[in-house]
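The values are calculated or read from the model by the stated rules, or taken from the named source; none is laboratory data. None of the values given here were measured: they were computed from a predicted structure. Using ideal geometry, Cβ is built from the backbone for each residue, glycine included, and neighbour counts are taken over all protein chains shown.
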Amino acid sequence: MQFLFIVQMLVIILGPLVKMVLKILGFGFVTYLGFNLIIGQAQDYLFGLMGDVGPVIQGVLGLAKFDVVVNLYFAAISTRFMLAGIDKATDRRRNQVWRKPGGTSIDA
C-alpha cells in the first residue's frame, strides 16, 4: 500500500517536470539550429562580399586578419544571445550590487 503511494507521488511530481524539460530541450534545439543557420548565412554573405573586392584590398584585409575579426564578432553575438537565453531560462535577475547607506546595508 505504501509503495503505491510513493509511486503515485513520484508520477505526480516527475510527470510535469519531464514534460517541461522535454519542451525546453525541443525549443532550445530548434532555436539553436535556426540561430546557427542565420549566423552561417550572414558569415557566408560577408565572406562572399569580401571576395568580390579587388586584389589589393583583399591583401590589406588579409593582413588585417579581417576574417578572424568577423569570426570573433559572430562568436560574440552567439555568446551574448546564449547567455541571455540562459538567464531567461533560469529566470535569474541580476542582483543590485550597490545599496544606499542605512537600511539593510552594513555601514563601514
Only one residue in Leu49, Leu10, Leu4 is part of a helix (DSSP H, G or I), over 27 Å from the mean Cα position of the chain (by Cα) and surrounded by 10 or more Cβ atoms within 10 Å (Cβ to Cβ), so which one is that?
Leu10
Leu72: modelled with pLDDT of 85 or more and in contact with an Asp or Glu (Cβ under 9 Å, 6 or more places away or on another chain), yes or no?
no
Only one of these conditions is not met by Leu10: (1) out of contact with any helix residue (DSSP H, G or I) (no Cβ under 9 Å at 6 or more places or on another chain); (2) within 28 Å of Met82 (Cβ to Cβ); (3) among the hydrophobic types (A, V, I, L, M, F, W, C). Which number is it?
(2)
Can you tell me which residues in the stretch 52-66 are over 22 Å from Ser78 (Cα atoms), of a type outside the set (S, T, N, Q) and part of a helix (DSSP H, G or I)?
Asp52, Pro55, Val56, Ile57, Gly59, Val60, Leu61, Gly62, Leu63
